Amino acid sequence: MLTRAALVEAQGQPFTMAEVELEAPRADEVLVRMVATGLCHTDITMGSFLPPEMFPNVFGHEGAGVIEEVGPDVRGLEPGDHVVMSFRSCGECAKCQAGLVGYCDQTLLLNYMGMRMDGSQPISRGGAPVFGSFFGQSSLAAHALAYADNCVKVDPDLDLRLVAPYGCGFQTGAGTVLNVIKPRPDDSLVVYGVGAVGLAAVAAAAAEGVASIVAVDPLPSRREVAERFGAVTVDPNAVDDVVGRVKELTGGGATYAIDTTAISDVVKQAQQSLRMRGTLVALGLGAEEYTLDAIDLLQSGKKVMASIEGDSDPQEMVPRLIAMNAAGDFPVDELITTYPFTEINAAVADVLAGKVVKPVLVW
């Protein structure tokens, strides 16, 4: 079938709208008509990160839409179902069997290589293949092929524009709190960088009753949202000693820190902001290397780690967060700004400039 997609034609180029050919769903695939797609920083980063030979490419991994067709081997989904789309996992390896689906042995092939597991590419243009299958969806398009393992069925009464980001950004931030650090009310948390992922982490920590939450971000608009979510904020451009200020606010250092910036100097600050035996979780994608404070690390018993998708299983985490939102405990709707899909490059510019927190593209 012919459909429209936002193509990145070559490494480092902006998105361009183009007509592409999408194959019919195979036995294990579902065809989804997109209603809305969250724009994640990963979609932007990959346009410059992937090698030149992996273009043109269709990204997008926070799709939400309506299933139009299902392959004969698909179970649990049928035409007309409303779904939030997330990352893929094989479901069979030891990590998947242990519930750690984000660490699936086949993660790279299933989510990043731009093709199906057999090497075929479901998207083409003018007879030439286009890299796709990004996170098993490539949902920066009017239609996408996905799978039962990365489609989460949701209530058809939900506004798909508001739940699209649950497939990655929101579940990454919230999942890091709920699944990885699991803070107690008497713990403290500092979040460096409160975009969509960081604010989701702040919201989840507040829902867990964490009494001391600090958000560090240079943008006043994002600090204002963090304060509404229950955090005390620090403007890193307005204080001489960010680490000292965080320690002051957390009574000697935070129990946990989350970094979403992927800026090496900021990651180092996050580590130094911890109390003895504190834990830093690095979530940002960008810097290839971090510089840590080795003396501080070795003399304090601190832990520096990372998390993929907040150690979440989308089939469990997406419904959990939607339920928290309905109960008023995860008020992330206000983070979303919608754009017509044709304005994707304006959305990119606005999020990179910090004008909006979470752009969602609407078909």
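By per-residue mean of other Cβ atoms within 10 Å, what is the highest-first order of 18-26, 199-207? Each step should come with its number before you reach the end.
Numbers: 18-26: 17.2, 199-207: 28.3.
Answer by packing, highest mean first, reads 199-207, 18-26.
Please turn the phi angles of region 148-163 into ³J(HN,Hα) values with the Karplus equation 6.51 cos²θ - 1.76 cosθ + 1.60 (θ = phi - 60°), one per residue in order, whole Hz, x for glycine and proline.
4, 6, 10, 10, 9, 5, 10, 4, x, 7, 6, 7, 5, 5, 8, 9
How would you order 77-89, 97-109 from highest to lowest mean count of nearby Cβ atoms within 10 Å? Intermediate values should be presented prior to the final figure.
Numbers: 77-89: 21.7, 97-109: 16.5.
For the peptides 77-89, 97-109, the packing ranking is 77-89, 97-109.
Filter the cross-link list Lys247/Lys302; Lys268/Lys358; Lys182/Lys358; Lys247/Lys268; Lys302/Lys358; Lys247/Lys303 down to pairs whose alpha-carbon distance in this structure exceeds 20 Å.
Details: Lys247/Lys302 15 Å; Lys268/Lys358 26 Å; Lys182/Lys358 25 Å; Lys247/Lys268 14 Å; Lys302/Lys358 32 Å; Lys247/Lys303 17 Å.
As for pairs spanning more than 20 Å Cα to Cα, those are Lys268/Lys358; Lys182/Lys358; Lys302/Lys358.
Counting only helical runs of four or more DSSP H residues, what would the 222 nm mean residue ellipticity of the chain come to if each run contributes -39,500 (n - 2.57) and the total is spread over all its residues? Could you put the intermediate results ahead of the total?
On the way: 12 runs with 96 residues, N = 363.
One gets -7000 deg cm²/dmol as the mean residue ellipticity at 222 nm.
In whole percent, how big is the carbon plus sulfur part of the accessible area of region 105-166, probe 1.4 Å, protein atoms only? Walk me through the intermediate numbers first.
Numbers: 1340 of 2340 Å².
Accessible surface attributable to carbon and sulfur in region 105-166 totals 57 percent.
At a temperature of 20 °C and a viscosity of 1.002 mPa s, determine how fast region 1-116 diffuses translationally according to Stokes-Einstein, using the Kirkwood radius over alpha-carbon pairs as Rh; express D in µm²/s, rounded to the nearest whole number. Mind showing how you got there, number by number?
Details: Rh = 15.7 Å.
Approximately 136 µm²/s, per Stokes-Einstein.
Under 5 Å between amide hydrogens, which residues at least 5 positions from Thr338 or on another chain qualify, with H placed 1.01 Å from N in the peptide plane?
For Thr338, whose amide H was placed from the backbone, the distant partners under 5 Å are Val360.
Which residues does a label at Asp157 reach in region 319-360, if reach means a backbone N under 18 Å from a point 7 Å past the Cα toward the Cβ?
319-329
7 Å from Cα along Cα→Cβ at both Ala306 and Ala238: what's the point-to-point distance in nm?
The two pseudo-label positions are separated by 3.3 nm.
Let me check against my output: what whole-number percent is the relative contact order of the chain, with C-alpha pairs under 8 Å and at least 6 apart?
Values: 901 pairs, mean separation 60.1, N = 363.
This gives 17 percent for the chain.
Please list log₁₀ I(q)/I(0) at q = 0.13, 0.28 Å⁻¹ for region 71-147, using the Debye equation with identical point scatterers on the alpha-carbon positions.
-0.45, -1.31
Search the structure for amide H atoms under 5 Å from the amide H of Ala215, placed 1.01 Å from N in the peptide plane, and list their residues when 5 or more places away or on another chain.
Residues meeting the amide H criterion: Val191, Val232, Thr233, Val234.
Among DSSP bridges having both ends in the chain, what percentage is antiparallel? Round to the nearest 5. Don't skip to the end; give the middle numbers.
Values: 37 of 64 bridges.
Looking only at bridges with both residues in the chain, the antiparallel portion is about 60 percent.
So for region 147-236, what percent of the C-alpha to C-alpha distances run longer than 18 Å? Kindly include the intermediate steps, with their values, before the conclusion.
Working: 1887 of 4005 pairs.
Within region 147-236, distances greater than 18 Å cover 47 percent of Cα pairs.
Kirkwood hydrodynamic radius for region 214-258: how many Å is it when counted over pairs of different Cα atoms? Display every interim value, and only then the final one.
On the way: mean 1/r = 0.0932 Å⁻¹.
This gives a value of 10.7 Å.
If the reach is capped at under 23 angstrom between alpha carbons, list the lysines near Lys355, excluding any in the same chain fewer than eight residues apart.
Output for Lys355: empty list, no partners.
Which one of Pro56, Thr45, Gly173 has its Cα pushed farthest toward the positive end of the charge dipole of the chain, where Lys and Arg give +1 and Asp and Glu give -1 at the Cβ?
Final value for the positive-end residue is Gly173.
Counting every Cα pair in the chain, what percent are over 32 Å apart?
Result for the distance tail: 30 percent.
Given H placed 1.01 Å from N in the peptide plane, which residues other than close sequence neighbours of Ser307 have an amide H under 5 Å from its amide H?
Ala282
Give me a comma-separated list of calculated 3J(HN,Hα) values for region 180-186, in order, Karplus coefficients 6.51, -1.76, 1.60 applied at θ = phi - 60°, integers in Hz, x for any Gly or Pro.
Each residue of region 180-186 in turn: 9, 8, 6, x, 9, x, 8 Hz.
With a Förster radius of 35 Å, plug the Cβ-Cβ distance of Gln13 and Gln97 into 1/(1 + (r/R0)^6) and report the FRET value to the nearest 0.05.
Working: r = 40 Å, r/R0 = 1.16.
The value I calculate is 0.30.
Which whole-Hz ³J(HN,Hα) couplings does region 286-293 yield from phi under the Karplus relation 6.51 cos²θ - 1.76 cosθ + 1.60, θ = phi - 60°, glycine and proline marked x?
With coefficients 6.51, -1.76 and 1.60, one gets x, 5, 7, 9, 10, 9, 9, 8 Hz.
Net charge near Arg33: determine it from the other residues with C-beta under 10 Å of the C-beta of Arg33, scoring Lys and Arg +1 and Asp and Glu -1.
Values: positive: none; negative: Glu68, Glu69.
Combined, the nearby Lys, Arg, Asp and Glu give -2.
With a 1.4 Å probe and every protein chain left in place, work out the accessible area per residue of the chain in Å², rounded to a whole number. The partial results should precede the final answer.
Values: 14760 Å² over 363 residues.
Roughly 41 Å² per residue, with all protein chains present.
Select from Leu249, Ala346, Val191 the residue farthest towards the positive end of the dipole of the chain; place +1 on Cβ of Lys and Arg, -1 on Cβ of Asp and Glu, and compute about the Cα centre.
It is Leu249.
Could you let me know the centre-to-centre spacing of region 172-235 and region 43-76, using Cα atoms, in angstrom?
30
When the scattering of region 192-276 is computed by the Debye formula from its Cα atoms alone, each counted once and equally, what is log10 I(q)/I(0) at q = 0.14, 0.25 Å⁻¹?
Debye intensities relative to I(0), on a log10 scale: -0.40, -1.40.
How much of the accessible area of region 215-363, in percent, comes from carbon and sulfur atoms when a 1.4 Å probe is used? Numbers along the way, then the final one.
On the way: 3520 of 7070 Å².
Within region 215-363, the accessible surface is 50 percent carbon and sulfur.
The values are calculated or read from the model by the stated rules, or taken from the named source; none is laboratory data. Note that the coordinates shown come from a computational prediction; the quantities given were computed from them, not determined experimentally. Here the Cβ is made from the backbone with ideal geometry for all residues, glycine too, and neighbour counts use every protein chain on show. Side chains are part of the model used for accessible areas, which takes the heavy atoms of the whole protein and leaves out ligands, DNA and RNA. Shrake-Rupley method; radii C 1.70, N 1.55, O 1.52, S 1.80 Å.
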